[in-house]
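Data block below; observations after.
The values are calculated or read from the model by the stated rules, or taken from the named source; none is laboratory data. Just so you know, these numbers come straight off a predicted model, no measurement behind them. Note that each Cβ is placed from the backbone with ideal geometry, even for glycine, and that neighbours are counted across all protein chains shown. For accessibility, only protein heavy atoms count, side chains too; no ligands or nucleic acids. Shrake-Rupley method; radii C 1.70, N 1.55, O 1.52, S 1.80 Å.
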Amino acid sequence: MDFVLSGAAACGACLFTNPLEVVKTRMQLQGELKSRGSYQVYYRNVFHAFYTIGKVDGLAGLQKGLAPGLVYQFFMNGVRLGSYAVIESSGYIHTNGRVSAVKTTIAGAVAGVVGAVMGSPVYLVKTHLQSQATSSIAVGHQHKHQGMIHALAAIYREHGIVGLWRGSSAAVPRVSVGSAAQLSTFSSSKELVIDLQVFEKNSWLVALTAGMISSVVVVLAMTPFDVVSTRLYNQPVDHLGKGQLYKGFADCFSKTLRKEGLLGLYKGLGASYFRLGPHTILSLFFWDELRKLYRQFR
């Protein structure tokens, strides 16, 4: 039940944040491997990107990749948060009755690795679909998928089962870093808010406040890995399924840093927070409240 509740909480958050994921993906691909000032800027900031995508691709364009997004959130976060819940309920993350920062970080990272590997094929398809745009505002490589099932079938037909896990070398560090930062700060922040007696111990405001604190840490820690992940998943491949722009995580990271500077690894930071921030807050809030509700009626 921990896994089901975790997946349901993440899906609930995804319904609200998927348009922000589309914006984030486009901004991270804009000016790929080009120095500043040498490419056309279609998306000046988060709000301009929203307006541009809505105007050119229509409102439906802002919900591209929603189906794989929901499937990804259910399985990846179901496994990730569910695994963490099991570890937490076993008492592992506590030392002498207090939350241990080291143990929560390790538990969050391990749970993140498991979730990332499970959800990688659907994340690949989600990235492809969200980057697809009308030619006048297209950025990054344009894949010609007609939907989630068509994309999965086409990738499997062309590159086999291994092709479905292309880009997972970036997904593992991305999700493990993000998961470690998210769950360790959430557990510690929740304990701190309770200790300070800002709200009643069982108040929904405890989880909401802890999620807000966690969201800031997650975005700062995760964005460079998120940029690399988006680019590795979206890059064109040859007939053997090998990437034509990057050999892997380290190659993408170094090329981006060399060509675009440190700011290149933080492209779309505003969009990342507007997407990851609310998603972190909502998913952790829904997760905590659903678990409390389940324990009451069990």
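VAL218: closer than 21 Å to GLY7 by Cα and open to solvent by less than 10 Å² (accessible area, probe 1.4 Å), yes or no?
Yes, satisfied.
Out of PHE274, PHE249, PHE285, which single residue is touching a Pro at 6+ places or on another chain (Cβ under 8 Å) and closer than 25 Å to GLY69 by Cβ?
Every option except PHE249 fails the conditions.
Among the residues of segment 171-187, is any free of Cβ contacts under 8 Å to residues at least 24 places away in the same chain, open to solvent by less than 50 Å² (accessible area, probe 1.4 Å) and among the small types (Gly, Ala, Ser)?
No, segment 171-187 has no match at all.
Tell me the residue from GLY69, GLY78, GLY54 that is over 21 Å from the mean Cα position of the chain (by Cα) and open to solvent by less than 40 Å² (accessible area, probe 1.4 Å), please.
GLY54
Out of segment 90-110, which residues are outside any loop (DSSP other than H, G, I, E, B) and over 17 Å from the mean Cα position of the chain (by Cα)?
HIS94, THR95, ARG98, VAL99, ALA101, VAL102, LYS103, THR104, THR105, ILE106, ALA107
Given the conditions (1) assigned to a helix (DSSP H, G or I); (2) at pLDDT below 90; (3) exposed (fewer than 15 other Cβ atoms within 10 Å of the Cβ), report the number of the one that ILE87 does not fulfil.
So ILE87 meets the others, but not (3).
Just checking, which of LEU81, LEU59 is out of contact with any strand residue (DSSP E or B) (no Cβ under 7 Å at 6 or more places or on another chain) and either without any contact (Cβ under 8 Å) to a residue 12 or more places away in the chain or acidic (Asp, Glu) (or both)?
None of the other options fit; the residue is LEU59.
One line per residue, one yes/no per condition, for (1) in contact with a Lys or Arg (Cβ under 8 Å, 6 or more places away or on another chain); (2) under 28 Å from ILE53 (Cβ atoms); (3) of a type outside the set (D, E, K, R):
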position	(1), (2), (3)
GLN130	yes, yes, yes
GLY147	no, yes, yes
ARG157	no, no, no
TRP165	no, no, yes
LYS190	no, no, no
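If a residue has to be open to solvent by less than 50 Å² (accessible area, probe 1.4 Å) and part of a helix (DSSP H, G or I) to count, how many in segment 9-48 make the cut?
Count: 21.
Checking the condition touching an Asp or Glu at 6+ places or on another chain (Cβ under 6 Å) and either open to solvent by 20 Å² or more (accessible area, probe 1.4 Å) or basic (Lys, Arg) (or both), which residue from ARG291, ARG275, ARG258 passes?
Going through ARG291, ARG275, ARG258 in turn, the sole match is ARG275.
Looking only at segment 120-164, count every residue that is in a loop (DSSP other than H, G, I, E, B), over 20 Å from the mean Cα position of the chain (by Cα) and of a type in the set (S, T, N, Q) and tell me the total.
Total meeting the criteria: 3.
Quick one: is ILE161 buried (at least 17 other Cβ atoms within 10 Å of the Cβ) and free of Cβ contacts under 8 Å to residues at least 40 places away in the same chain?
Criteria not met by ILE161.
Taking the conditions exactly as written (modelled with pLDDT under 90 and open to solvent by less than 10 Å² (accessible area, probe 1.4 Å)), does SER229 satisfy them or not?
Judged against the criteria, SER229 is not a match.
Go through segment 202-215 and report how many residues are open to solvent by 30 Å² or more (accessible area, probe 1.4 Å) and touching a residue at least 40 places away in the same chain (Cβ under 8 Å).
Within segment 202-215, residues that are open to solvent by 30 Å² or more (accessible area, probe 1.4 Å) and touching a residue at least 40 places away in the same chain (Cβ under 8 Å) number 4.
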